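Worksheet: one structure, shown below.
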Amino acid sequence: MPVFTARIIVTLRSSILDPEGAAIEHALHELAFSACTDVRVGKYVTMNVEAESEENARIIVDQACRKLLANQVMEDFTFTLEKAHHEPA
Amino acid sequence: MKFGIVVFPGSNCDHDAYHVAKHVAGQEAVFLWHKSTDLEGVDAIILPGGFSYGDYLRAGAIARFSPIMKEVVRFARSGGPVLGICNGFQILLEAGLLPGALLRNESLNFVCKYVHIRVENTDSIFTRSLFKGQILRIPVAHGEGNYYADEKTIQDLEKKNLVVFRYSTDAGEITHACNPNGSVNNIAGITHPTLNVLGMMPHPERCAEDVLGSRDGLGIFQSLIRWYRSSAANAAKEEECLEI
């Protein structure tokens, strides 16, 4: 069966204050990177998914995000899929 | 009364809760391993503090899928008392037994100190031995205790009087300065409309004896025992009626 690599990004919802992002933005400004604004910190998860089609892989990853990887009370998620370079042995 | 204290890998307040239930409050207490699905006939469940599964992914996110949690949810839905303390509160939220989420503390610091909380609700079965407006001196120890929910959920909690504890000054004033983590409306603990589930960030099991500097946490255990005695008495009365 084909294997797809999912790259998932989970971030705090935009309506929620991200104190870690704010602290980093402050440090960036101290370092004269004043052009950098709206810093947000999130999590990056990659995984391989075995599925008959990309569409099926998308459904699996979407469900995994909703059930476990993101808490939708406070987080949003996005992901991309591509054919895995190395299929598992 | 029999207390069940759930032990997840990474729980570290389980023995404190056991000690208070058994040796301070004088009740029966058992540990319930997270892989078990047997609640061993307990009358109340405590989800203790700690770092279940190392807080990986999000605090409480993996623990909520432990085998025992299905039984805990069933127990709570049938009216059984479930108390989630600190990490236990995080697990209750992840499991959907209470609404909202706990974000990283506003200060980004892990906060470990005594705070004051004001009792707002004395209808829950965990606070019936306390009085409204009572101030408890109680420790907190957490990095993610910043209670958050969308505006509608907060309005609902406030309207239905489901906020049980609020961070306050020792005089009972609700100020930003006495809020250790940035929680909305200084919320330190909430209950379910059925009043049998309580999630709270402060640690009542760490302050139930004078030798520890405060015994203000004991009232929560005493409330549970009082609830148990009155429900046991009601059950006996019902049985009597049936016999007649």
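I want to confirm something. Restricting to region B:112-141 and keeping residues that are without any contact (Cβ under 8 Å) to a residue 60 or more places away in the chain and buried (at least 20 other Cβ atoms within 10 Å of the Cβ), which single residue is farthest from residue B:13 (Cα to Cα)? Looking at the filtered set, the residue picked out is B:120.
When region B:115-172 is filtered for residues that are polar (S, T, N, Q) and more than 20 Å from residue B:184 (Cβ to Cβ), the ones remaining, listed by number, are B:122, B:127, B:129, B:134. Scanning region B:30-71 for residues that are in a strand (DSSP E or B) and farther than 14 Å from residue B:97 by Cβ yields B:30, B:31, B:32, B:33, B:44, B:50. All told, residue B:108 falls short of being within 13 Å of chain A (Cβ to nearest Cβ) and at pLDDT 95 or above. Cβ separations smaller than 9 Å between residues 6+ apart or across chains give the following pairs from region A:60-72 residues that are more than 20 Å from residue B:149 (Cα to Cα) to residues that are in a helix (DSSP H, G or I): A:61/A:69. Of all residues in region B:90-98, at least one satisfies being of a type in the set (D, E, K, R), at pLDDT 95 or above, surrounded by 19 or more Cβ atoms within 10 Å (Cβ to Cβ) and within 20 Å of residue B:14 (Cβ to Cβ). Scanning for something among the aliphatic types (A, V, I, L, M), out of contact with any Pro (no Cβ under 9 Å at 6 or more places or on another chain), closer than 20 Å to residue B:194 by Cα and more than 14 Å from chain A (Cβ to nearest Cβ), does region B:119-134 turn up at least one residue? There is at least one residue in region B:119-134 that is among the aliphatic types (A, V, I, L, M), out of contact with any Pro (no Cβ under 9 Å at 6 or more places or on another chain), closer than 20 Å to residue B:194 by Cα and more than 14 Å from chain A (Cβ to nearest Cβ).
If you go through region B:161-184 and pick out every residue that is more than 28 Å from residue A:20 (Cβ to Cβ) and buried (at least 20 other Cβ atoms within 10 Å of the Cβ), you end up with 2.
This table checks each residue for (1) more than 29 Å from residue B:230 (Cα to Cα); (2) touching a His at 6+ places or on another chain (Cβ under 8 Å); (3) among the aliphatic types (A, V, I, L, M).
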residue	(1), (2), (3)
B:67	yes, yes, no
B:74	no, no, no
B:79	no, no, no
B:82	no, no, yes
B:90	yes, no, no
B:97	no, yes, yes
B:101	yes, no, yes
B:108	yes, no, yes
B:113	yes, no, no
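For region A:60-69, the criterion of being away from chain B (no Cβ under 14 Å) and either more than 25 Å from residue B:92 (Cα to Cα) or aliphatic (A, V, I, L, M) (or both) is satisfied by at least one residue. The residue pairs whose first member lies in region A:14-39 and is more than 11 Å from chain B (Cβ to nearest Cβ), whose second member is assigned to a helix (DSSP H, G or I), and whose beta carbons are closer than 6 Å, counting only pairs six or more residues apart or on different chains, are A:36/A:28; A:39/A:21; A:39/A:24; A:39/A:25.
Between a residue in region B:53-75 that is without any contact (Cβ under 8 Å) to a residue 24 or more places away in the chain and within 12 Å of chain A (Cβ to nearest Cβ) and any residue that is among the hydroxyl-bearing types (Ser, Thr, Tyr) and assigned to a loop (DSSP other than H, G, I, E, B), which pairs come within a Cβ distance under 8 Å, given they are 6 or more apart or on different chains? If the second residue must be among the hydroxyl-bearing types (Ser, Thr, Tyr) and assigned to a loop (DSSP other than H, G, I, E, B), the pairs left are B:62/B:56. Restricting region B:1-29 to residues that are in a helix (DSSP H, G or I) and in contact (Cβ under 8 Å) with a residue 60 or more places away in the chain, the residue that is farthest from residue B:203 (Cα to Cα) is B:24.
On the basis of being over 24 Å from residue B:213 (Cβ atoms) and either within 12 Å of chain A (Cβ to nearest Cβ) or in contact (Cβ under 8 Å) with a residue 40 or more places away in the chain (or both), does residue B:102 make the cut? So residue B:102 passes the test. The set of residues in region A:26-73 being among the hydrophobic types (A, V, I, L, M, F, W, C) and in contact with a Ser or Thr (Cβ under 6 Å, 6 or more places away or on another chain) is empty. Residue A:8 falls short on exactly one of the conditions (1) more than 12 Å from chain B (Cβ to nearest Cβ); (2) farther than 24 Å from residue B:149 by Cβ; (3) in contact (Cβ under 8 Å) with a residue 60 or more places away in the chain, and that condition is (1).
Taking region B:208-234 as the search range and keeping residues that are touching a helix residue (DSSP H, G or I) at 6+ places or on another chain (Cβ under 8 Å) and of a type in the set (A, V, I, L, M, F, W, C), which one is nearest to residue B:109 (Cα to Cα)? By that ranking, first place goes to B:212. Only a single criterion out of (1) among the hydroxyl-bearing types (Ser, Thr, Tyr); (2) away from chain A (no Cβ under 14 Å); (3) under 24 Å from residue B:14 (Cβ atoms) is not satisfied by residue B:147, namely (2).
The values are calculated or read from the model by the stated rules, or taken from the named source; none is laboratory data. Quick caveat: nothing in here was measured; it's all calculated off a predicted structure. Please note: Cβ atoms are built from the backbone with ideal geometry, for glycine as well, and neighbour counts cover all protein chains shown.
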